[in-house]
Amino acid sequence: MSERRWVTVLGATGSIGQSTLDVISRHPDSYRVFALAANQSVEAMQALCIKHQPRYAVMTCADAAQALRSALPEALGTEVLQGDSALAMIASHADVDVVMAAIVGAAGLPSALAAAEAGKRVLLANKEALVMAGHLFMAAVERSGAVLLPIDSEHNAIFQCLPANDRAQPEMAGVSKVLLTASGGPFRCWSSEDIALATPEQACAHPNWSMGRKISVDSASLMNKGLEFIEACWLFDLRPEQVEVVVHPQSIVHSMVQYRDGSVLAQLGNPDMRTPIAHGLAWPQRIDAGVGPLDLVAAGKLDFEAPDEARFPCLRLAREAVEQGGTSMALVNAANEIAVASFLDSAIGFAQIPAIIEQVVERVSSVEPDDLAVVKKADSDAREAALEAVARLRTSH
Ligand code: NAD
Ligand code: MG
């Protein structure tokens, strides 16, 4: 690579953030950290700032920013800022080349959108941004000429299996279907009765991937695959019937593209997010990601099965939302965030996650997502309705 690229990492202390910084550290001649952002983990940010010496560090709340400011040596030269406008600034700054959007949940939308509007190379891990505001996000990318590279392993695999010239027009390229693989999560073989009694610890114990707690619960409920279904439709301009979910417990085939002539192209690799991250950083080149070679003989078997929407209704709810269109995807996303947080707080049971989403979708109507204000209103209405549903459940027990 000829010049060094300046990278902003949003969600730097998280699972994806740390993997991103690991890959960047392997290539000091190609990448430098411009800015890091996190919610409130001051100690973790302090260590990251000392190691990567960013120009800016942004914390969500003022107290955390103040604590970080006092913890960093002045000689480091890192300026500590706080809040949403600072997040948007480090995502769109003229000196920034690459933005890793790895904040979890709806909180990641404004900064990811700011990077897209500013025409950056956007490495999108925050799938919730596309689920909530796919139309606005893709329009911003189109307008600004941003280079949008999917980091979600499945979408990164699909990107790699689509033809380079017609990626935005899969039908022209002879694509008949995208086969989105799902590990099935920790409850793949559990009965509905056992799933209903699952604890947060059991839900967060993913068999193949080590991830943040919210996406781990989403993987256990298959809502992660539901959100990814929606994400695939926006990213690759696909209709819902062109996306098929296939359960593949080993997580080695990260997804596939099926062509009109019967060919199916797949991307395989060890389940390690540093592979899609390195792909996004260097594309169209290839760099070392620190990931060991795939040993197919050791893996031995690659299994595939159909998803069970009766035991995992979240997948159906996400598919219905994309079919319905409008703000219904934002409603599902917001209701899911509240339901997952309530489950992690042990306020509701695992089976109540889809029940809450279903109630929210019934009570809050979907409208056309013309601008960000409409999407934000749908998000907050759905959160309110989901909190009411949680409260109703708690009083009825
Ligand atoms: P995580 O919980 O490990 O990290 C989340 C990061 O976001 C942390 O740095 C946290 O400080 C920051 N954050 C949280 N709330 C914030 C707020 N309100 N404002 C600013 N920053 C905030 O999550 P993760 O597993 O790294 O996932 C991050 C995103 O990447 C999610 O959207 C997830 O769906 C997606 N993703 C993750 C993986 C994975 O393997 N972990 C794979 C594919 C996609
Ligand atoms: Mg994924």
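The values are calculated or read from the model by the stated rules, or taken from the named source; none is laboratory data. What you are looking at is a predicted structure, and each value in this text was computed from that prediction instead of being measured. Here the Cβ positions follow ideal geometry from the backbone for every residue, glycine too, while neighbour counts run over all protein chains shown. Protein only, heavy atoms only, side chains kept; ligands, DNA and RNA dropped before computing areas. Shrake-Rupley method; radii C 1.70, N 1.55, O 1.52, S 1.80 Å.
Details
- Taking a span of 27 Å or more along the helix axis (Cα atoms) and a mean Kyte-Doolittle hydropathy of at least -0.5 as the rule, the DSSP H helices of the chain that qualify are 372-395.
- Oblate is the label for segment 171-293, because a/c, from the alpha-carbon gyration tensor with a ≥ b ≥ c as root eigenvalues, is 1.5 or above and a/b does not exceed b/c.
- Radius, Kirkwood style, for segment 249-300 when every pair of distinct Cα atoms is counted (Å): 12.5 Å
- Global geometry of segment 89-228, whether rounded, prolate or oblate, following the gyration tensor of its Cα atoms and the 1.5 cut on a/c: oblate
- Full-stretch length increase - Ser210, Ala94 - with 0.36 nm per residue and alpha-carbon distance subtracted: 38.4 nm
- Rounded FRET efficiency, nearest 0.05, which uses the C-beta distance separating Val147 from Glu362 and R0 of 45 Å: 0.70
- Excluding ligands, DNA and RNA, the accessible surface per residue across the chain is 42 Å² with a 1.4 Å probe.
- Between Leu344 and Asp261, the FRET efficiency from the beta-carbon distance, with R0 = 51 Å, is close to 0.65.
- Share of carbon and sulfur in the accessible heavy-atom surface of segment 171-316 [1.4 Å probe, %]: 54 percent
- Overall form of segment 141-207 per C-alpha gyration tensor (a/c, 1.5; a/b vs b/c): prolate
- Carbon/sulfur fraction of accessible area - segment 59-113, other protein chains in place, 1.4 Å, %: 53 percent
- Scaled against 2.2 N^0.38 Å for its residue count N, the alpha carbon radius of gyration of segment 1-133 is 0.96.
- Longest exposed-site-free window of the chain, the sites being trypsin sites (Lys or Arg not before Pro) in a DSSP loop that have at most 13 other C-beta atoms within 10 Å: 5-259
- Measuring nothing but alpha carbons in segment 181-238 and taking Rh as the Kirkwood radius, the Rg to Rh ratio lands at 1.03.
- The value of relative contact order for the chain, using C-alpha pairs under 8 Å at least six residues apart, is 14 percent.
- Under-5 Å amide H pairs with Ser183, H placed in peptide plane, nonlocal only: His248
- Shown here for segment 1-89: GluC sites (Glu not before Pro) in loop regions (DSSP other than H, G, I, E, B) with at most 14 other Cβ atoms within 10 Å, namely Glu3.
- Using the Cβ-Cβ distance between Arg4 and Glu74 with R0 set to 41 Å, the FRET efficiency from 1/(1 + (r/R0)^6) comes to roughly 0.95.
- Cα centroids of segment 186-216 and segment 17-33: 31 Å apart.
- Segment 278-375: relative contact order as a whole-number percent, Cα under 8 Å and 6+ apart: 23 percent
- Taking 0.36 nm per residue of sequence separation and removing the Cα-Cα distance, the Gln40/Glu320 pair yields an extension gain of 97.3 nm.
- For segment 98-232, relative contact order (Cα pairs under 8 Å, six or more residues apart, normalised by length) works out to 20 percent.
- Rounded D (µm²/s) - the chain, Kirkwood Rh over Cα pairs, Stokes-Einstein at 4 °C, 1.567 mPa s: 60 µm²/s
- Our estimate of slack between Ala299 and Asn165, defined as 0.36 nm per intervening residue step minus the Cα-Cα distance, is 44.9 nm.
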